[in-house]
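Report on the following structure.
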Amino acid sequence: MAMSLIGIVLGIAFFVITQAQTSGFEAFFIRTILGTNGAIKISDRFQDMDGTVSKVSKDGNFQFFFRSREEAQYTEGIRFPDEIRNALASYQDITGISEVLEGTAELAGSSRSFPVIFQGIRYHDHSQVSELNNQLIAGAIVDFAKDPMSILVGNRIAERLMLKIGDRIVMKGGTGTLQLRIAGVFETGVSQIDKKRIYIHLSTAREFKGERFAGSFFQVALDNPDKAPELAAQIQYHLGHRSVSWQEREKVWLDVFKALRISSAITVSSILLLSGLGIFNVFAIMVIEKTRDIAILRSMGFSRFDASAVFLWQGLIILFLGVLLGSFFGFLGTYFISEIPLRIRGIFSTDSFVVNWDVFHYLWAISLASVFVVIATWVPARRAGKIQPAKIIRETL
Amino acid sequence: MKHPPLLQAKNLKYSFNETGTSTNVLNDVSIELFPGEITSIVGPSGCGKSTLLYLLGLLDRPDSGEISLNEKDVLKCDDKKRTILRNHKLGFVFQFHFLIKELSVLDNVALPMRKAGKSKTAAYEKARDVLGKLGLLDKSNRFPHKLSGGEQQRVAIARAIINSPSLILADEPTGNLDTENSKKVHSVLSKLAIEENISVLIVTHNLELAQSCDRVIKMRDGRIIE
């Protein structure tokens, strides 16, 4: 019985720890994504779309439409950004709107040049839809905000071109060249961004690209990022601009994390299952060994429920102790793991193990353990209650 | 004037079903038991003595017939009520003592009273009283395997009477005992019947024991013949 209890404790603890780890990395990835590219990206405008099917109900209250994206034609970029901004501002769930003008250029350092993707932003707006301020690893965001001819560069670009804060750099492309001052270096942890992206002022970007009034896309932040898909669909329908939620953008990685979470849950659940089988084994043997005693107790006036209750109580005690100790060790294990140093760069940046503290991990573990222990206890308990005293005593004699 | 019967059984029938074959064990058996009376049932092996005892003790149900305890039809009661009746009104003594080996003598004897809802203190006090009457008080804290056969059987009797039952059902209570201990056990049961006005029904092969009882019932082939 002690081994079964240990199994329950370990099963719950490992379940909590593995879920904290896998969902921790996932949550960190999502935070990074939202902190760099926002919850929804609104970009190109749809033109006439072939293959559109639209039906309206007789009372006019319901409308169904189906559009085939394969036939869609786009007009690149945002032509009337002010109108789009005003329309977006009417959505209650949107907490930040940033207009971005994106383009390609070449940064020329002292000895070499490097192709980059620039994003022209208004810092005040963009700070509400990203974690740019927290991503700075050198320089001051204030310096960038007050100088239209300043630039923020990704840390990999800075390393490649050996750039320091205050250095001057030439950006080539568009309508000509611009000389910009390095105001800050950022690191998102996403290598594709850190080695390609730079931020400049929107006005500077427009001048550089020769597009005085246009933008490439809008990046928005939401009160509840989980609502991004449905909101993106609404925005796309109402504004006629392509709207992509972060869930759609990062579907591949999210599916990977989900698969990881589920597979680790299944693996660890097997520990709980085995412990439940252990309990069943012990109780089943106990019922067989105690059949005669149970029959005698029944002859003395103990009821069927009394016979079952012995095993039910034992099972409950094991479950209670298992949940208590398992949750405690799960908490402790999660804490210790979060202190383990682990350097990751690529899809996000971290220097230690990332864990997610979530009460639902404990609830799931406890629920699973409860199901297995209850079944393992109930079956032999029921059998004990069904013992026929006369038959057993007769057979014993 | 004779007291009314404590237990009345009428036209009891019982059969076993094994591997599709039905075997009649009891055929139209009727019996009455009176308070303060020791009744023995004798008969060859397989004649249905023990089966009759288990039916009267509400450990099993007949296929048909009636059983009344204190003029109440107990066969109409559900399992829960019959269990309570076994605890309050009946006591069993078997050929083997069937004491719980993990419990001391005192704990074994007190068990039925604890089940009846009495406090631990009250149950232990009554248990000591009963053990004292049976000459076993000094064995209270021992475990069953430390007792002799006769002592074990007397502890089983103590357990059977602790709730002051109206009827004790004993199935071959001396079957595993030597002559001396058999006499001791019979003496205890007789004393209980007289002093506590308990009805005692003994199933036995021991003719000497049977003939020392107030009444002898003979059975053969599932029927009472005498």
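For peptide B:56-69, compute the average count of partner chain beta-carbon atoms within 10 Å of each residue's beta-carbon. Intermediate results must be reported in sequence, preceding the final value.
Values: counts 0, 3, 3, 10, 6, 1, 0, 0, 0, 0, 0, 0, 0, 0.
The shielding value for this peptide is 2.
With charges only on Cβ, +1 for K and R and -1 for D and E, what is the dipole size of region A:117-203 about its Cα centre, in debye, rounded to 20? Present the calculation step by step, with values, prior to reporting the outcome.
Details: 11 positive and 8 negative charges, 64 e Å.
Magnitude of the dipole: close to 300 debye.
Two-decimal Rg/Rh of chain B from alpha-carbon positions, Kirkwood Rh? Don't skip to the answer; put the middle values down first.
Details: Rg = 17.4 Å, Rh = 18.0 Å.
Taking Rh as the inverse mean 1/r over Cα pairs, Rg/Rh reads 0.97.
Under a 5 Å amide H to amide H cut-off, with H placed in plane at 1.01 Å, what residues pair with B:M219 once short-range neighbours are removed?
Excluding prolines and chain starts, which carry no amide H, the hits are B:V42, B:G43, B:I225.
Which of the listed residues, B:T23, A:V355, B:P5, is farthest toward the dipole's positive end in the protein assembly as shown, when Lys, Arg count +1 and Asp, Glu count -1 at the beta-carbon?
B:P5
Order by neighbour count: A:M286, B:M113, A:M149, fewest other Cβ atoms within 10 Å first, most last. Walk me through the numbers before you get to the answer.
Numbers: A:M286 16, B:M113 25, A:M149 13.
If I rank by nearby Cβ atoms, fewest first, I get A:M149, A:M286, B:M113.
Counting only other residues whose beta carbon sits under 13 Å from that of A:A381, what net charge do I get with K and R as +1, D and E as -1? Spell out each step's value before the answer.
Values: positive: A:K290, A:R304, A:R382, A:R383, A:K386; negative: A:D306.
Within the 13 Å Cβ shell, the charges total +4.
Run the simple label-point estimate for A:V359 and A:F328 please: 7 Å along Cα→C-beta, distance reported in nm.
The answer from the label model is 2.1 nm.
Past 21 Å, Cα to Cα: identify those pairs from A:K391/B:K10; B:K10/B:K76; B:K120/B:K184; A:K290/B:K115; B:K76/B:K115, in the order given. Don't skip to the answer; put the middle values down first.
Numbers: A:K391/B:K10 23 Å; B:K10/B:K76 14 Å; B:K120/B:K184 30 Å; A:K290/B:K115 18 Å; B:K76/B:K115 23 Å.
The pairs that break the limit, which is 21 Å between Cα atoms, are A:K391/B:K10; B:K120/B:K184; B:K76/B:K115.
Can you pull a Stokes-Einstein diffusion coefficient for region B:23-86 at 25 °C (0.890 mPa s), Rh from Kirkwood over Cα pairs, as a whole number of µm²/s?
On the way: Rh = 13.0 Å.
Rounded, D is 189 µm²/s.
What average number of partner chain Cβ atoms lie no more than 10 Å from the Cβ of the residues making up B:78-85? Please report the intermediate quantities before stating the final value.
Working: counts 0, 3, 3, 0, 2, 10, 2, 1.
The per-residue average across the peptide is 3.
Go ahead and estimate [θ] at 222 nm for chain A from helices alone: -39,500 (n - 2.57) per DSSP H run with n ≥ 4, summed, over the residue count, rounded to 500.
Working: 15 runs with 213 residues, N = 397.
Here the helix-only value at 222 nm equals -17500 deg cm²/dmol.
Within region B:12-43, which residues have the backbone N less than 11 Å from the label spot 7 Å out from B:E226 along Cα→beta-carbon, could you tell me?
B:42-43
Rounding to the nearest 20 debye, state how big the charge dipole of region B:7-224 is about its Cα centre with +1 on each Lys and Arg Cβ and -1 on each Asp and Glu Cβ. Can you show the working numbers first?
Details: 31 positive and 26 negative charges, 131 e Å.
In total the dipole reaches around 620 debye.
At q = 0.12, 0.22 Å⁻¹, work out log10 I(q)/I(0) for region A:337-397 with the Debye formula, treating every Cα as an identical point scatterer and leaving solvent out; two decimals please.
Here log10 of I(q) over I(0) equals -0.60, -0.91.
For chain A, with a Gaussian network of springs between Cα atoms less than 10 Å apart, report the residue from A:F372, A:F186, A:F29 with the top mean-square fluctuation.
A:F372
About its Cα centre, how strong a charge dipole does the protein assembly as shown have in debye, to the nearest 20, once Lys and Arg get +1 and Asp and Glu get -1 at the Cβ? The partial results should precede the final answer.
Numbers: 73 positive and 64 negative charges, 227 e Å.
Computed about the Cα centre, the dipole is about 1100 debye.
Among A:S367, A:S245, which comes first, then next, by fewest other beta-carbon atoms within 10 Å? Don't skip to the answer; put the middle values down first.
Working: A:S367 11, A:S245 23.
With the fewest neighbours first, A:S367, A:S245 line up as A:S367, A:S245.
Grab the alpha carbons of region A:170-281, take their convex hull, and tell me the volume per residue in Å³.
Values: hull volume 21.1 nm³, N = 112.
Taking only Cα atoms, region A:170-281 has a hull volume of 188 Å³ per residue.
Which of the lysines could be linked to A:K196 by a straight reach, that is with a Cα gap under 23 Å, when you skip same-chain ones fewer than 8 residues away?
A:K41, A:K164, A:K172, A:K209, A:K251
Please report how far the C-alpha centroid of region A:178-199 lies from that of region A:271-318, rounded to the nearest whole angstrom.
68 Å
Restrict the search to region A:95-159; then list the GluC sites (Glu not before Pro) that DSSP places in a loop and that have at most 16 other Cβ atoms within 10 Å of their Cβ. Could the numbers behind the result be given before it?
On the way: sites: A:E99, A:E102, A:E106, A:E131, A:E159; in loops: A:E131.
Those that pass, being in a loop and sparsely packed, are A:E131.
Once amide H atoms are built 1.01 Å from N in the peptide plane, which residues 5 or more positions from A:V129, or in another chain, come under 5 Å H to H?
none
Report the one residue of B:G135, B:H186, B:Q153 whose Cα lies farthest in the direction of the positive end of the charge dipole of region B:127-204 (charges on C-beta: Lys and Arg +1, Asp and Glu -1; origin at the Cα centre).
Of the listed residues, the answer is B:G135.
Counting only helical runs of four or more DSSP H residues, what would the 222 nm mean residue ellipticity of chain B come to if each run contributes -39,500 (n - 2.57) and the total is spread over all its residues? Working shown, then result.
Values: 7 runs with 79 residues, N = 226.
Counting only the DSSP helices, I get -10500 deg cm²/dmol.
Over the protein assembly as shown, what per residue volume does the convex hull of the Cα atoms give, in whole Å³?
Each residue corresponds to 266 Å³ of Cα convex hull volume.
Please compute the modelled spin-label separation between A:E248 and A:D226, points set 7 Å along Cα→Cβ, answer in nm with one decimal.
2.1 nm
How many partner chain Cβ atoms sit within 10 Å of a residue's Cβ in peptide B:156-163, on average, as a whole number?
Values: counts 1, 0, 0, 2, 2, 0, 1, 2.
Taking all residues of B:156-163 together, the mean is 1.
List the DSSP H helices in chain A whose Cα atoms stretch 20 Å or more along the helix axis and whose mean Kyte-Doolittle hydropathy is at least 0.0. Please report the intermediate quantities before stating the final value.
Details: long enough: A:2-37 (52 Å, 1.26); A:251-289 (56 Å, 1.47); A:304-338 (50 Å, 1.51); A:359-385 (37 Å, 1.21).
Flagged H segments are A:2-37, A:251-289, A:304-338, A:359-385.
Please build a GNM for chain A, connecting alpha carbons under 10 Å apart, and tell me which residue among A:I84, A:I285, A:I97 fluctuates the most.
A:I285
Take every DSSP beta bridge whose two residues both sit in region B:7-224, then give the antiparallel share in percent to the nearest 5.
Values: 18 of 35 bridges.
Of all bridge pairs located within region B:7-224, approximately 50 percent are antiparallel.
Taking +1 at the Cβ of each Lys and Arg and -1 at the Cβ of each Asp and Glu, which of A:I392, A:N281, A:F336 sits farthest along the dipole of chain A towards its positive end, judged by Cα position relative to the Cα centre?
Checking the options against the dipole of chain A, the answer is A:I392.
Only the coordinates and a few stated rules stand behind these numbers; no lab work does. Everything numeric here is computed off the predicted structure, so don't read it as measured data. Backbone-built Cβ (ideal geometry, glycine too); neighbour counts: all protein chains shown.
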